[in-house]
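Undergrad: To start, I am sharing the structure in question, which I have written as structure tokens.
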Amino acid sequence: MENFTVNEKTYFKVDIYFYIWSIFLPITSFLLIPSIQGTTIGYLMAFASLALVPLLLKYRAPMRSYFYTFVFILAIYIFILLLSQLSLSLSPRINFVGVLLIDPNDNTYLLKSSMFTQSMYMVAAFATFAYVRVLYNENWNKYILAGATVLALYGIYEVTYFLITGSQGDFISNRTFGDGTDAGSRFQKIVIGGLTLQRLKSLTGEPSMYAFTITPFFIYALYLRKKIIATILGVSLLLSTSTTFFIGIVICVFLGAKYLIRAIRKNTLTLALAFFFLGGLIFYLNVFSSDKLYDIFNTIVLQKLSGLDVSGSTRSGWFQVHMEFYKSLPLLNQIFGVGFGYIRSTDLFSTLMVNTGIFGTVLFSLIFIYPILKLHNDAHSKTLKLILVIIFLSMMIAVPEYSYLSTWLFLGIAYNRILRIKNI
């Protein structure tokens, strides 16, 4: 430490904090205090960063930029909350029967408790975004991928443990919902070619949440040419058999095919290992007949994309329910919503439309659209644009998770990239 100047020591501490944070940032199924939702290590470190930044940076320019970022986005969020509650108080009373309330036992009409609990998650997300937007540097990349790799390896261990023993091997997840009987990390199985497998979820809520979390890291690993890490992440995503991952693949094909092909050509080891794994799996399952191969393709691709499996049909069903509910709302509530954190559908689009109205949905969308339009066409910017498109469309179609820290991590990196471009 003697070789660092005071300024270098300060930024070294900022970096070290993030290095530790990045390992826990993607984990959502482990709570430090099991009785208190939101006490994941990632969220707690996000809250702690609000005190850490002024402590370390004092009144330097980055600290001011950090708080300008945080306060600005928080002020917009509070403005949306106030507008929704004002419109709710001015409109005829709304009946919430038939929709998925976050807290169905709360009979409060205005200022539901779930609005405040969900807002705390958003505060952590905003803190993460501000930290990364202002302080990110390329030395963070290996730690960002390290956190994703730890999550993937634990998931692969779970799948392997189930394959050997027939029971689940998750000994870390402790999160529960409701009365404590609803597991916060859902154990799900799938039958492929006559073999029963556990769908990989790792330390997230369920397989689709895992795919939503890790897909951006997988693309980032390809960009950084981290062949072994990309292979591990890619295999884990396949084992999740998640619609969310397939959505990401489709988006990649349409929006990033040319760039991804170039990246894959530079990652021949990744391809070789992936084909070795898939070849070994096919040999193990003895699925050389076309009927078995079609059965696998039908189970993990066609049924999911067409909504014929249980999760797909449930998702589309609740989307229709909540959009019909939205259409029935008074005009003011269609514009400003009924209140952030009131309902939670199975997709983000209908969730936002009901909770924040068209006004809040457009503002949330602009957070993603702005960097997609503003970033240049260098390799790093292209990768970030592709990642943001996949995250945004995955959320809108299939994942109602607006406060996952991994989302705000990549948003922060994208906005940091814009800052760097402006300073060139």
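The values are calculated or read from the model by the stated rules, or taken from the named source; none is laboratory data. These numbers were taken from a predicted model, which means no experiment stands behind them. Every residue, glycine as well, gets a Cβ built from its backbone with ideal geometry; the counts of neighbours run over all protein chains shown. Surface accessibility is based on the protein's heavy atoms, side chains included, excluding ligands, DNA and RNA. Shrake-Rupley method; radii C 1.70, N 1.55, O 1.52, S 1.80 Å.
Undergrad: Give the ranking of Arg64, Arg93, Arg133, Arg225 by solvent-accessible surface, highest area first, calculated with a 1.4 Å probe.
TA: On the way: Arg64 105, Arg93 175, Arg133 50, Arg225 130 Å².
Reading off the accessible areas and sorting them downward yields Arg93, Arg225, Arg64, Arg133.
Undergrad: Could you calculate the contour length gain from Ile78 to Ile33, that is, 0.36 nm times the residue separation minus the distance between their Cα atoms, to one decimal place in nm?
TA: On the way: separation 45, 0.36 × 45 = 16.20 nm, distance 2.77 nm.
This chain segment gains 13.4 nm when fully extended.
Undergrad: Sticking with this one: At a 1.4 Å probe radius, which order do Phe12, Phe79, Phe217 fall into by accessible area, largest first?
TA: On the way: Phe12 75, Phe79 110, Phe217 5 Å².
Putting Phe12, Phe79, Phe217 in descending order of accessible area: Phe79, Phe12, Phe217.
Undergrad: What length, rounded to one decimal in nm, is gained on full extension from Ala61 through to Leu363, with 0.36 nm per residue of separation minus their alpha-carbon distance?
TA: On the way: separation 302, 0.36 × 302 = 108.72 nm, distance 2.75 nm.
Residue separation times 0.36 nm, minus the Cα-Cα distance, leaves 106.0 nm.
Undergrad: When the expected Rg is taken as 2.2 N^0.38 Å, what fraction or multiple of it is the alpha-carbon Rg of segment 65-162?
TA: Details: Rg = 19.9 Å, N = 98, 2.2 N^0.38 = 12.6 Å.
Ratio of Cα Rg to 2.2 N^0.38 Å: 1.58.
Undergrad: How much length is gained if the chain between Glu324 and Val191 is pulled fully straight, taking 0.36 nm per residue apart and subtracting their Cα-Cα distance, in nm to one decimal?
TA: Values: separation 133, 0.36 × 133 = 47.88 nm, distance 3.45 nm.
Using 0.36 nm per residue and subtracting the Cα-Cα distance, I get 44.4 nm.
Undergrad: Additional query: With a 1.4 Å probe and all protein chains kept in place, how much accessible area does Leu50 have, in Å² rounded to the nearest 10?
TA: Estimated to the nearest 10 Å², Leu50 gives 40 Å².
Undergrad: Continuing with this model, one more query. Rounded to the nearest 0.05, what FRET efficiency do Ser119 and Asp15 have when you use their Cβ-Cβ distance and R0 = 35 Å? Kindly include the intermediate steps, with their values, before the conclusion.
TA: Values: r = 29 Å, r/R0 = 0.84.
Plugging the Cβ-Cβ distance into 1/(1 + (r/R0)^6) gives 0.75.
Undergrad: While we're here: Kirkwood hydrodynamic radius, segment 131-226, all distinct C-alpha pairs: what's the number in Å? Mind showing how you got there, number by number?
TA: On the way: mean 1/r = 0.0665 Å⁻¹.
It is 15.0 Å.
Undergrad: Work out the length of the dipole vector of segment 341-424 about its Cα centre, built from +1 on the beta-carbon of each Lys and Arg and -1 on the beta-carbon of each Asp and Glu, and round it to the nearest 20 debye.
TA: Details: 7 positive and 3 negative charges, 71 e Å.
Using Cβ point charges on Lys, Arg, Asp and Glu, segment 341-424 gives about 340 debye.
Undergrad: Rounding to the nearest 20 debye, state how big the charge dipole of segment 100-208 is about its Cα centre with +1 on each Lys and Arg Cβ and -1 on each Asp and Glu Cβ.
TA: Numbers: 8 positive and 8 negative charges, 53 e Å.
Its charge dipole is roughly 260 debye.
Undergrad: Taking amide H atoms as placed 1.01 Å from N in the peptide plane, list the residues 5 or more away in sequence, or in a different chain, whose amide H sits under 5 Å from that of Leu31.
TA: Asn174, Arg175
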